[in-house]
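Take a look at the structure set out below.
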Amino acid sequence: MRTKVAIIGAGPAGLLLGQLLHRYGIDNIILERHTGDYVLGRIRAGLLEEGTVALLDEAGAGQRAHHEGLVHDGIELAFGGERHRIDIKAQTGKTMMIYGQTEVTLDLMNARQAAGLTTVYEAADVTPLDFDAGNPRVTYVKDGKTHEIACDFIAGCDGFHGVSRASVKPSAIETFERVYPFGWLGILSETPPVSHELIYNNHARGFALCTMRSTHRSRYYLQCPLDDRVEQWPDDRFWDELKRRLDQKAVDSLITGPSIEKSIAPLRSFVAEPMRFGRMFLAGDAAHIVPPTGAKGLNLAASDAHYLAVALREYYDEKSSAGIDAYSRTALARVWKAVRFSWWMTTMLHKFPDTDGIGARIQIAELDYVVSSKAASTSLAENYVGLPF
Ligand code: APR
Ligand code: PHB
């Protein structure tokens, strides 16, 4: 088999890249380790920047998002028992959209299928080869047989634990990492959200986030110890703890119900540099991870896919390597700004185990500054809504 771009991983990064390349007339094959249903079963974040929605439109997969997504103009920050609204639309002229990653993935999968493009699900032992030389290939095992795809380029869109980054020789890559000393316990419930916008809560017992998937489905998160297990968090305990961390108005209007999903995720900042190794590029979680506090993970996967697709179009249409040569630098400049923003939101909103009285008071002073200074709230707003690409 031969294709122009062999894409490893059918998450949002790989699927969006595949769809954009297809729109630019560049053929591609996606190799995914799991089944499509497995990929769709993972519950992840759900806040899209306007730029991400525009990319879904460009990919021919934005229709349902416009119909079902919830457009939000602002967010609330809660601390000291009170809520403060940041009017993001007034500050930036832009909005965000609530639309789950699962739905984004499904829409991209359907668009890919409708275009008749090849995705090999349950591809085992996927191995990128010879990307440092001129003849990159990817081998994989399917139904007990080994297959080989010869290609011009490999796109490693296979997430944090993928094979692409792991295939690079250690001397060619530098990684930067911070692991936070807590996790997020998330639940999904078939209940109306407590408020029509997101509420980020700083509380002495730990951070809490009220978010949603739709007008009848809520998503709540609690900061929890890293070694907690979901079995330690029956629904009643979750709702009790959430109520302790919310302001009174939220507690009074909170509607609880059985959880339909419950999981614990660690929080990490991670960046690999560079994002190009000869004829292999990394995109999305394969290259970087941000803690979810800024809602940037999915949006960074989308901006990487955009930069890479445009660079490859330039390569094929204009016979110019300028775009692919600049890919790593261009993508990393945006990545690092999102890493900074996500770290800052995380630091301002969470309870750190070693935070003494001074640390907690500095957090409250910072939050107070953010909600009362136009300059500070505009800075939060323009990062939250997404920096331009
Ligand atoms: N071979 C083939 N596929 C693989 C391999 C492998 N060795 N390793 C991983 N994969 C697949 C995974 O099964 C997954 O479907 O690559 C895909 C990577 O998808 P994601 O982890 O969703 O990563 P990405 O597409 O970069 O999307 C980033 O996901 O984790 C969230 O917050 C993050 O929202 C962001 C988004
Ligand atoms: C979510 O809806 O899951 C979500 C929203 C905003 C965040 C993190 C998660 O910052």
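Restricting the first residue to region 283-297 and requiring it to be hydrophobic (A, V, I, L, M, F, W, C), which pairs with a second residue that is at pLDDT below 95 and near ligand 1 (Cβ under 7 Å from one of its atoms) meet a Cβ separation below 8 Å and a spacing of at least six or different chains?
Qualifying pairs under 8 Å: A295/A45.
Find all pairs meeting these conditions: Cβ atoms under 8 angstrom apart; at least six residues apart or on different chains; first residue within region 239-261 and assigned by TED's automatic domain parsing to the domain that holds S195 and touching a residue at least 60 places away in the same chain (Cβ under 8 Å); second residue in a helix (DSSP H, G or I) and surrounded by 12 or more Cβ atoms within 10 Å (Cβ to Cβ).
Filtered contacts from region 239-261: L254/W239; L254/L242; L254/K243; T256/D235; T256/W239; P258/D235; S259/D235; S259/F238.
Go through (1) within 16 Å of ligand 2 (Cβ to nearest atom); (2) in contact with a helix residue (DSSP H, G or I) (Cβ under 7 Å, 6 or more places away or on another chain) one by one and return the number of the condition R23 breaks.
Status for R23: all satisfied but (1).
Only residues that are hydrophobic (A, V, I, L, M, F, W, C) and within 16 Å of ligand 2 (Cβ to nearest atom): list them for region 251-287, please.
Passing the criteria: I260, I264, A265, L267.
Is at least one residue of region 131-150 charged (D, E, K, R) and closer than 21 Å to P12 by Cα?
no
Sort out which residues of region 157-194 are among the small types (G, A, S) and assigned to a strand (DSSP E or B), and write them in order of number.
G183, G186, S189
Being touching a residue at least 12 places away in the same chain (Cβ under 8 Å) and within 16 Å of ligand 1 (Cβ to nearest atom): is that true of T92 here?
no
Just to verify a result, which residue in region 194-226, among those that are in contact with a helix residue (DSSP H, G or I) (Cβ under 6 Å, 6 or more places away or on another chain) and polar (S, T, N, Q), is surrounded by the most Cβ atoms within 10 Å (Cβ to Cβ)?
Only one residue fits best here, namely N201.
Conditions (1) outside the structural domain of G36 (by TED's automatic domain parsing); (2) more than 16 Å from ligand 1 (Cβ to nearest atom); (3) of a type in the set (V, I, T), marked per residue:
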{"site": "A59", "(1), (2), (3)": "no, no, no"}
{"site": "G80", "(1), (2), (3)": "yes, yes, no"}
{"site": "Q101", "(1), (2), (3)": "no, no, no"}
{"site": "V104", "(1), (2), (3)": "no, no, yes"}
{"site": "G116", "(1), (2), (3)": "no, yes, no"}
{"site": "P128", "(1), (2), (3)": "no, no, no"}
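Please pick out the residue among S303, S321, S342, S328 that is touching a residue at least 40 places away in the same chain (Cβ under 8 Å) and out of contact with any strand residue (DSSP E or B) (no Cβ under 8 Å at 6 or more places or on another chain).
Going through S303, S321, S342, S328 in turn, just one is touching a residue at least 40 places away in the same chain (Cβ under 8 Å) and out of contact with any strand residue (DSSP E or B) (no Cβ under 8 Å at 6 or more places or on another chain): S303.
Which one of these does Y315 not meet: (1) more than 30 Å from L222 (Cα to Cα); (2) of a type in the set (F, W, Y); (3) in contact (Cβ under 8 Å) with a residue 60 or more places away in the chain; (4) in contact with a helix residue (DSSP H, G or I) (Cβ under 9 Å, 6 or more places away or on another chain)?
Every condition holds for Y315 apart from (3).
Taking the options T127, T119, name whichever one is in contact (Cβ under 8 Å) with a residue 60 or more places away in the chain, more than 30 Å from S218 (Cβ to Cβ) and among the hydroxyl-bearing types (S, T, Y).
T119
Within region 230-283, track down each residue that is closer than 30 Å to K337 by Cβ and either in a helix (DSSP H, G or I) or aliphatic (A, V, I, L, M) (or both).
R245, I264, A265, L267, V271, A272, M275, M280, L282, A283
Which condition number does Y220 fail, the rest of (1) assigned by TED's automatic domain parsing to the domain that holds G11; (2) within 14 Å of ligand 2 (Cβ to nearest atom); (3) touching a Ser or Thr at 6+ places or on another chain (Cβ under 8 Å) being met?
(1) is the only condition that Y220 fails.
Anything in region 1-48 that is among the β-branched types (V, I, T) and at pLDDT below 95? List them, or say none.
Passing the criteria: V39, I43.
Regarding K169, is this residue modelled with pLDDT of 95 or more, more than 25 Å from the chain's Cα centre (by Cα), within 15 Å of ligand 1 (Cβ to nearest atom) and surrounded by fewer than 16 Cβ atoms within 10 Å (Cβ to Cβ)?
The answer is no for K169.
With hydrophobic (A, V, I, L, M, F, W, C), part of a helix (DSSP H, G or I), within 30 Å of P193 (Cα to Cα) and out of contact with any Gly (no Cβ under 7 Å at 6 or more places or on another chain) as the only criterion, which of L40, L21, L17 stands out?
From the options L40, L21, L17, the qualifying one is L40.
Let's see how each residue does on (1) polar (S, T, N, Q); (2) within 26 Å of K4 (Cβ to Cβ); (3) more than 23 Å from the chain's Cα centre (by Cα):
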{"site": "V251", "(1), (2), (3)": "no, no, yes"}
{"site": "I260", "(1), (2), (3)": "no, no, no"}
{"site": "L282", "(1), (2), (3)": "no, yes, no"}
{"site": "I289", "(1), (2), (3)": "no, no, no"}
{"site": "G297", "(1), (2), (3)": "no, no, no"}
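The values are calculated or read from the model by the stated rules, or taken from the named source; none is laboratory data. Here the structure is a predicted model, which means the values were calculated and not measured. Virtual Cβ from ideal backbone geometry, glycine too; neighbours counted across all protein chains shown.
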